[in-house]
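The values are calculated or read from the model by the stated rules, or taken from the named source; none is laboratory data. Everything numeric here is computed off the predicted structure, so don't read it as measured data. Using ideal geometry, Cβ is built from the backbone for each residue, glycine included, and neighbour counts are taken over all protein chains shown.
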Amino acid sequence: MTLDAAWARRWMTQAAAALADAKDDLTELDRQIGDADHGVNLDRGFRAVVAKLEATPAPDDETVGAVLKLVATTLMSTVGGASGPLYGTAFLRAARVTDRAHLDPPAVIALLEAALEGITARGHATVGEKTMVDAWQPAADAAAAADEGTTREVLAAAARAADAGATATIPLVATKGRASYLGERSAGHEDPGARSTAILLATAVAAVEEP
């Protein structure tokens, strides 16, 4: 099973719908330890992504990377706060390693690893600092460990790990980003960026299953 540009477009459509559904929950998570705008910002950004995709007919030779590059530039121009540059850089790096018609399991792993590298390069965060890296790093690691599976199995392993990683941020004390200003008071709350990462990767799996 391979993933193509049509899958990437379905992924973004499903991600936009899922993030719209989770908008209030993500904003509430961010209210507890941040600026209370994460859900609103991502909802606006991914709505813009879908609108841009719908206005951009897919050429016969469209690559996955071309879709992800459009996603990156749209998020960078429409999403405020830290999440726009972070997600935008993630998709831009992922686009560079997916400039091909179809993705096999190694290419899926490369996509996830490139996205993680983009986020860490932009945000300078590491695992344990209560950021979206706490979801992306285990996702990339799980994908690499599932390299003998199908593309869907690799993505599913990443999505499960991201979900667990997001939950694991709850007891952490933030040492990076706006939440770090709260010190010990940041413990007991899930990181909104880690949770939105888990949502994003779950929809990547769901998009594989759609006919």
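Residues checked against (1) buried (at least 22 other Cβ atoms within 10 Å of the Cβ); (2) of a type in the set (G, A, S):
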site	(1), (2)
L111	yes, no
H124	no, no
E129	no, no
D141	no, no
A145	no, yes
Taking the condition of being over 14 Å from L200 (Cβ atoms) and either in a loop (DSSP other than H, G, I, E, B) or among the hydrophobic types (A, V, I, L, M, F, W, C) (or both), how many residues in the range 144-155 meet it? 8
Those residues of the range 82-105 which are surrounded by fewer than 19 Cβ atoms within 10 Å (Cβ to Cβ) and touching an Asp or Glu at 6+ places or on another chain (Cβ under 8 Å), in sequence order: A101, H102
So the check is Cβ under 7 Å with 6+ separation or different chains; which pairs have a first residue in the range 146-174 that's farther than 14 Å from G128 by Cβ and a second one that's among the β-branched types (V, I, T) and in a loop (DSSP other than H, G, I, E, B)? T151/T2
Members of the range 8-27 that are within 19 Å of G65 (Cβ to Cβ) and among the aliphatic types (A, V, I, L, M): A8, M12, A15
Please enumerate the residues belonging to the range 158-180 that are closer than 22 Å to G81 by Cβ and surrounded by fewer than 18 Cβ atoms within 10 Å (Cβ to Cβ). I170, V173, T175, K176, R178, S180
Filtering the range 61-105 down to residues that are modelled with pLDDT of 95 or more, small (G, A, S) and within 23 Å of A20 (Cβ to Cβ) yields A72, G88, A90, A94
How about the range 156-189: which of its residues are part of a loop (DSSP other than H, G, I, E, B), within 20 Å of K23 (Cβ to Cβ) and at pLDDT 95 or above? T169
Considering residues that are more than 21 Å from P192 (Cα to Cα) and either modelled with pLDDT under 95 or surrounded by 18 or more Cβ atoms within 10 Å (Cβ to Cβ) (or both), the number found within the range 27-60 is 7
Can you tell me which residue within the range 1-13, out of those that are over 15 Å from the mean Cα position of the chain (by Cα) and in a helix (DSSP H, G or I), is surrounded by the most Cβ atoms within 10 Å (Cβ to Cβ)? A5
Exception for L75 within (1) hydrophobic (A, V, I, L, M, F, W, C); (2) buried (at least 20 other Cβ atoms within 10 Å of the Cβ); (3) closer than 16 Å to L201 by Cα falls at (3)
Inter-residue pairs, beta-carbon under 9 Å, first surrounded by fewer than 15 Cβ atoms within 10 Å (Cβ to Cβ) and acidic (D, E) and in the range 181-193, second assigned to a loop (DSSP other than H, G, I, E, B) and at pLDDT 80 or above, 6+ apart: E184/V173
